[in-house]
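Written out below as structure tokens is the structure these notes cover.
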Amino acid sequence: MSFNPQFSRIGEILIHNKVITDEQVKEALLKQNNFGLKLGETLRKLGYISENDLLEALHFQLEYDIVEENELLELDSEIVKLIPEPFAVQNRVIAIRKDGISIMVAMTDPENIVIQDSLKTILGTNITPVLIGENVLTDTLEKYYKSIRTTSQVEDAVGNFEFVAVDEDENEITIDSKKEADAPVVKLINLIITEAIKSDATDIHIEPLTKHTRVRFRIDGALREVMSPPIGLHAGMVSLVKVMSKLNIAERRLPQDGHISLKTTLKSVDVRVSIVPTVTGEKVVMRLLDKGEFGFNLTTLGFTGENLKLFRKWIRRPYGITIVSGPTGSGKSTTLHAALKEIKDIETNIVTVEDPVEYRLDGITQIETKAKIDLTFARSLRSVLRQDPDIVLIGEIRDEETADISIKFSLTGHLVFTTLHANDAPATVTRLLDIGVPSYLVASSLNLVMAQRLVRKICPHCKADYDPTESELIDAGLNLEEVKEVKFKKGKGCVHCDNTGYSGRTGIFEMLEVNSGIRRLIFEGQNQDVIRDAAIKNGMQTLHESGIHKMKQGITTIHEVIKFTISD
């Protein structure tokens, strides 16, 4: 007797497809009532099948098509919003497109006649049901209804806006006096900041273009455009940010820096504001610093087992200095705060001097510098000595005085952590010498110098094989022979990753241990190339090699390696 999936139960289909065993189905049947789920969802919850396995089985059983994920990347928002968001979320549906005289609707349960009838009433037409997975639907609903909400809120904010003819120097706006309490600019800035926090953005860019203002968020290290309000609102937006950060509204010719402390329903954040004049108007960049609990630890930063062992060894030394180097936004402060989080205990007095304090850590004394009242790094550090510290974190070495105090701390029985802007670990050593620190002090104080970068991770939902071009291999410093066994990966782009192909970031590291040989080279004032060669002979993995290692593991792409590292 031949197998007919239409008249079979979902468990029988999955067994026939050799996805699960009869014993697993029996276990799921026993646990089904406890979970309050259908059999297929119970099997998913138990980890016996994937979402795709269940979709394929439902496709065979019910004969509904499965929606193509590529089609979900560019849906028409006008079609999507035909179904109100509360109904779509509650009943697990989303309108996809017009399909002749009907509308195609993706559903997790296309057999539900009650939902089908409700949809026909809401849409005023027949529907064509198609299958969609629960996780894919959740991300698709969030993506499109969030966009619909944002667009609606922007339109609402600028709807009652009156433009005023002014000269280029003034470029001011006027708000309808009847709507002053509900000013569109206030709504817009609130919306921008709220959406940035929801998106886990690290920076907000508000920049004037010729015909509109461009608002971008930096998410996972890359900028993404999120909205484009009318250019007539730009001056008002800048003025409001200046008021919030206590800057001079009248000054439009010079750069200004300020600070906003915000409490939202989502979280409390510190916002560092930078405003610079450009040829098209003033550009605003806001850095968002989370004031909540520090959620990182050393095991989640991307260290390999060997590097983690090495880093832990040096952060537990009784004295000396460890420097983490890299450009702005490379995760230096995150790494050092994760180190402090791991080694803090009741017997140790840890003091930090930072500008600004990016992360709050319980049990640690944190001091924030304030240039306006001359509370500089150097002045703060001189006071710290009288606080009986065991470990000192210095936010950044910026000048000879700070470098000199930091190194003298490390030579007088203190363990010092700090950061420095340099391209790699050997360059960090020579940068200290360039600042003006004597070579004998550098040589005798350094324990470990670590350079780091953050690379984006491939989205696990759309990871696929990828064949790099010969040009890409050359740019990455690779040849066909050494990568013939490597399976390159790349994210195709999906609703889970907002069609970027990436989700989250991880660190790549270059760790230079300062042993007796390296100390001698530093003391002799050797250049960074000599120091690098000696460190590599001692087993140092370069930033490029660290990136290549993560690429070969399928964690990141060849494009990220090319973007953030230089081949030797």
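The values are calculated or read from the model by the stated rules, or taken from the named source; none is laboratory data. It should be emphasised that the depicted structure is a prediction, and the values quoted were computed from it without experimental measurement. A quick note on method: Cβ atoms are made from the backbone with ideal geometry, for glycine too, and the neighbour counts reach across all protein chains shown. These accessible areas exclude ligands, DNA and RNA; they are computed on the full protein's heavy atoms, side chains included. Shrake-Rupley method; radii C 1.70, N 1.55, O 1.52, S 1.80 Å.
Brief remarks on what is shown
- Output for region 535-568, where each listed residue is open to solvent by 70 Å² or more (accessible area, probe 1.4 Å), of a type outside the set (Asp, Glu) and assigned to a loop (DSSP other than H, G, I, E, B): Asn538, Gln553, Ile566
- Of residues in region 197-211 being over 21 Å from the mean Cα position of the chain (by Cα) and assigned to a loop (DSSP other than H, G, I, E, B), the one farthest from Ser228 (Cα to Cα): Thr210
- Checking every residue in region 239-257 against the condition of being of a type in the set (Asp, Glu) and open to solvent by 60 Å² or more (accessible area, probe 1.4 Å) gives at least one match.
- When Ala106, Ala157 are checked against the criterion of being at pLDDT below 85 and of a type outside the set (Phe, Trp, Tyr), a single residue qualifies: Ala157.
- Looking across Asp388, Asp374, one residue alone is out of contact with any Lys or Arg (no Cβ under 7 Å at 6 or more places or on another chain) and free of Cβ contacts under 8 Å to residues at least 24 places away in the same chain. It is Asp374.
- Residue pairs meeting the criteria (Cβ under 8 Å; at least 6 apart or on separate chains; first modelled with pLDDT of 80 or more, in region 8-23; second outside any helix (DSSP H, G or I) and of a type in the set (Phe, Trp, Tyr)): Ile20/Tyr48
- Leading residue by the ranking (farthest from Leu223 (Cα to Cα)) among those in region 286-312 that are β-branched (Val, Ile, Thr) and open to solvent by 60 Å² or more (accessible area, probe 1.4 Å): Thr299
- Checking each residue in region 390-434 for being open to solvent by 10 Å² or more (accessible area, probe 1.4 Å), under 14 Å from Gly320 (Cα atoms) and not β-branched (Val, Ile, Thr) picks out Asp390, Asp404, Lys408, Leu411, Gly413, His414.
- Residue list for region 328-346, restricted to those being open to solvent by 60 Å² or more (accessible area, probe 1.4 Å) and within 18 Å of the chain's Cα centre (by Cα): Thr328
- Cβ-Cβ under 6 Å pairs, at least 6 apart or on other chains, region 329-348 side closer than 12 Å to Leu301 by Cβ, far side small (Gly, Ala, Ser) and crowded, with 16+ Cβ neighbours inside 10 Å: Gly331/Gly507; Lys332/Gly326
- Residues being in a strand (DSSP E or B) and without any contact (Cβ under 8 Å) to a residue 40 or more places away in the chain - total across region 253-273: 8
- Figure legend. Inter-residue proximity from region 521-547: first residues more than 18 Å from Tyr440 (Cβ to Cβ) and acidic (Asp, Glu), second residues at pLDDT below 95 and surrounded by 13 or more Cβ atoms within 10 Å (Cβ to Cβ), beta-carbon distance below 8 Å, spacing 6+ or different chains. Indicated pairs: Asp529/Pro426.
- Taking residues in region 284-312 that are within 27 Å of Ile193 (Cβ to Cβ), and partners anywhere that are basic (Lys, Arg) and buried (at least 17 other Cβ atoms within 10 Å of the Cβ), the pairs with Cβ atoms closer than 8 Å and at least 6 places apart or on different chains are Met286/Arg272; Arg287/Arg272; Leu289/Arg272; Phe294/Lys341; Phe296/Lys341.
- In region 491-534, residue surrounded by the fewest Cβ atoms within 10 Å (Cβ to Cβ) [restricted to those that are of a type in the set (Lys, Arg) and in a helix (DSSP H, G or I)]: Arg520
- When region 80-116 is filtered for residues that are surrounded by fewer than 21 Cβ atoms within 10 Å (Cβ to Cβ) and over 25 Å from Glu56 (Cα atoms), the ones remaining, listed by number, are Lys81, Leu82, Pro84, Glu85, Pro86, Phe87, Gly100, Ile101.
- Breaking point among (1) modelled with pLDDT of 90 or more; (2) in a strand (DSSP E or B); (3) farther than 14 Å from Ile189 by Cα; (4) not polar (S, T, N, Q), for Phe217: (3)
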